[in-house]
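Input: a single structure, listed below in C-alpha cells.
What follows draws every value from the coordinates through simple rules; no lab data is involved. As the structure is a computational prediction, the values presented were derived from the model and not from experiment. Because the Cβ atoms are built from the backbone with ideal geometry, glycine has one as well, and the counts that use them run over all protein chains shown.
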Amino acid sequence: MELGLKGRVAVVAASSKGLGRAVAEALADEGVRLVISARGAEALAHAEGALKSRGAEVVAVRADVTDPGTPEHLVSVAIDSFGRLDIVVPNAGGPPAAGALDCDDEAILKAVQANLLTSVRFVRASLPHFRAAGWGRICCIASSTVAQANPSLALSNTARTGLWAWAKTAAADLRETGITLNLACPGYHATDRMIELGFTTSGRPMGDPADFGKVVAFLCSQQAANVNGARIVVDGGESLAL
C-alpha cells in the first residue's frame with residue numbers, strides 16, 4: 001500500500017532505541033524526513049547512522065523529552081531544517097514497575113510528567129504548523145495498560161490512561177481540520193524496556209518492534225485520514241478489555 005508519506009517531515013521523540021526507533025525506521029522506509037531525539041549521545045548517533053543507511057534524511061537532536069522546552073525545540077528544528085512539519089510521534093520512556101499502594105507523590109508526578117504532559121506539549125507545539133497547512137498526524141506511543149490495567153505497572157496505568165482521556169477529548173476538537181490525534185498502545189515487544197521489567201523471561205510471546213512501527217506509519221498516513229481519537233492496541237490479543 002502506498003501511504004502517501006514521501007517527502008513528509010516527522011518528529012519522532014525518544015527514537016534511538018526500542019519502539020521509537022522502530023517507528024522512525026518505518027517512516028524512513030516510506031520516504032519521510034526525520035528529526036529524531038534521545039538523551040544518550042552514542043545510541044542517538046548509532047540510530048542516525050542506521051536511518052541514513054536506509055536512505056533517510058535525518059537530523060538527530062540530543063535532548064530529554066521530559067524537559068518542558070524540548071517539544072517546542074524539536075518542532076523548531078524540523079521547521080528550520082526542512083521547512084515544514086507533518087507528523088509528530090510523542091514518546092517517552094515508561095515509568096518503573098510498582099504497585100498502586102507503593103507509589104508516593106513524587107513517583108506519580110514523575111510518571112505524569114513523562115507519559116502524559118510530554119505528549120500534551122508535543123501536541124501544543126505542533127498544532128500551529130498543522131493548522132496552517134491544513135494537514136497533520138499526531139500518534140502518541142502509549143501502552144496497552146490504557147486498555148487493561150497491569151497490577152505491577154500502576155504508574156503506567158495512571159499516567160497513560162490520563163493521556164488517553166486528554167487525547168480523546170482533544171481529538172474531538174480536531175475533527176474536520178485535516179489533523180488526526182491517535183494513540184498506538186503496544187503490549188509486550190522485544191525491547192530493552194521489557195528486558196528491564198523482566199517480561200521477556202515470562203514465557204509470553206514478544207511482538208516485533210518493526211511491526212509496531214508499521215502500524216504507527218499507517219496511522220500517520222494519508223489513508224488513515226478518518227482514524228481520529230482512536231487507541232490502537234498492538235498486543236497480540238493479550239488484552240481482554242472491550
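Couple of notes before you dig in:
- Answer from Glu176, Glu106 - the residue that is of a type in the set (D, E, K, R) and closer than 28 Å to Gly7 by Cα: Glu176
- Among residues of segment 228-241 that are free of Cβ contacts under 8 Å to residues at least 60 places away in the same chain, those with a beta-carbon under 9 Å from a residue that is part of a loop (DSSP other than H, G, I, E, B) and crowded, with 17+ Cβ neighbours inside 10 Å at least six positions away or on a different chain give the pairs Asn228/Leu174; Gly236/Gly187; Gly236/Tyr188; Gly237/Gly187.
- Residues that are farther than 23 Å from Leu116 by Cβ, in contact with a helix residue (DSSP H, G or I) (Cβ under 9 Å, 6 or more places away or on another chain) and in a loop (DSSP other than H, G, I, E, B), drawn from segment 73-95: Arg84, Asp86
- Residue that is nearest to the chain's Cα centre (by Cα) [pool: residues in segment 161-201 that are among the small types (Gly, Ala, Ser) and crowded, with 23+ Cβ neighbours inside 10 Å]: Ala184
- Only residues that are in contact (Cβ under 8 Å) with a residue 40 or more places away in the chain, touching a Lys or Arg at 6+ places or on another chain (Cβ under 9 Å) and over 17 Å from Asp208 (Cα atoms) were counted across segment 11-35, and they come to 5.
- Among (1) at positive phi; (2) crowded, with 18+ Cβ neighbours inside 10 Å - the single one Leu155 does not satisfy: (1)
- Within segment 28-72, the residues that satisfy the criterion of being of a type in the set (D, E, K, R), over 18 Å from Val88 (Cβ atoms) and either within 18 Å of the chain's Cα centre (by Cα) or not in a loop (DSSP other than H, G, I, E, B) (or both) are Asp29, Arg39, Glu42, Glu48, Lys52, Arg62.
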